[in-house]
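Presented below is the structure to which this report refers.
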Amino acid sequence: TQQTYIMLKPDALKRQLLGEIITRIEKKGYQIVQAKLMQLDAPIIAEHYAHLTDQPFYPKLERYMLSGPVFGMVLEGEDVIRGMRNMMGPTNVFEAAPGTIRGDYATDVTYNLIHGSDTPETAEAEIKRFFG
Ligand code: GTP
Ligand code: MG
């Protein structure tokens, strides 16, 4: 089996979609092996989004991620990294099909509800970053 780092972003909590999203994960059959509510700070956001700090939209992304608590989880399951990316839908919500989390609940590229690791290497680094 494989592990991934999933983070429900501040809009998911504000919109009270935590239960809805976790229900989908449970029904799919992935195991939640660690979970916690956290308020992120600017340095950890910059580390997590190091590939984006030079982008013109980064200040907006940082404000969004600072705007309230996030719910971080480690999930375990067969091919869970790819499986969760499929369930989330693409970053561009206009391309996210109905049936995906972003496709069903998000209308904006920034406020897209959920993060999921994209490779085994990033999954390992992100689990270490948020769960030690
Ligand atoms: P994460 O799972 O959060 O890492 O999203 P992702 O892997 O689908 O996308 P990526 O890592 O490329 O970008 C991280 C986050 O930055 C996205 O989830 C968006 O919130 C934001 N973002 C990415 N690209 C854009 C963009 O072109 N414009 C804006 N406004 N935000 C973006
Ligand atoms: Mg990403």
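Before moving on, here are some points about what is shown:
- Least to most buried among Thr4, Thr110 (fewest other Cβ within 10 Å first): Thr110, Thr4
- Structure remark: mean-square fluctuation, Gaussian network model of the chain, C-alpha springs under 10 Å; the largest value among Ala50, Ala35, Ala106 belongs to Ala50.
- In region 9-132, a dipole from Cβ-located charges (positive for Lys and Arg, negative for Asp and Glu) runs towards its positive end, and of Gln34, Val74, Leu17 it is Leu17 whose Cα lies farthest in that direction.
- Vicinal HN-Hα couplings computed from phi for region 18-29 (Karplus, 6.51 cos²θ - 1.76 cosθ + 1.60; Hz; Gly/Pro x): 4, x, 4, 6, 5, 4, 4, 5, 5, 5, 5, x
- Ranking of Asp104, Asp54, Asp79 by neighbouring Cβ atoms within 10 Å, starting from the fewest: Asp54, Asp79, Asp104.
- Net charge over other residues, Cβ less than 15 angstrom from the Cβ of Glu20 (K, R count +1; D, E count -1): +4
- Put simply, the amide H of Ile114, placed in the peptide plane, has neighbours under 5 Å in Lys9, leaving out anything fewer than 5 places away on its chain.
- Candidates Arg82, Arg15, Arg102: whichever shows maximal mean-square fluctuation once the chain is modelled as a Gaussian network with Cα springs under 10 Å: Arg15
- Sorted by Cβ neighbour density within 10 Å, fewest at the top, the residues Leu61, Leu8: Leu61, Leu8
- Shape of region 2-131, Cα gyration tensor, a/c cut at 1.5: rounded
- Karplus-derived HN-Hα couplings along region 92-107 (A = 6.51, B = -1.76, C = 1.60, θ = phi - 60°), whole Hz, x at Gly and Pro: 6, 4, 6, 9, 7, 6, x, x, 8, 4, 5, x, 7, 10, 10, 10
- Estimated vicinal HN-Hα couplings, Hz - region 68-76 in sequence order (Karplus 6.51, -1.76, 1.60; Gly, Pro = x): x, x, 10, 10, x, 9, 9, 10, 10
None of the figures in this text is laboratory data; all of them are computed from the coordinates on show. In this text the structure is predicted, and so the values were computed from the model without any measurement. A quick note on method: Cβ atoms are made from the backbone with ideal geometry, for glycine too, and the neighbour counts reach across all protein chains shown.
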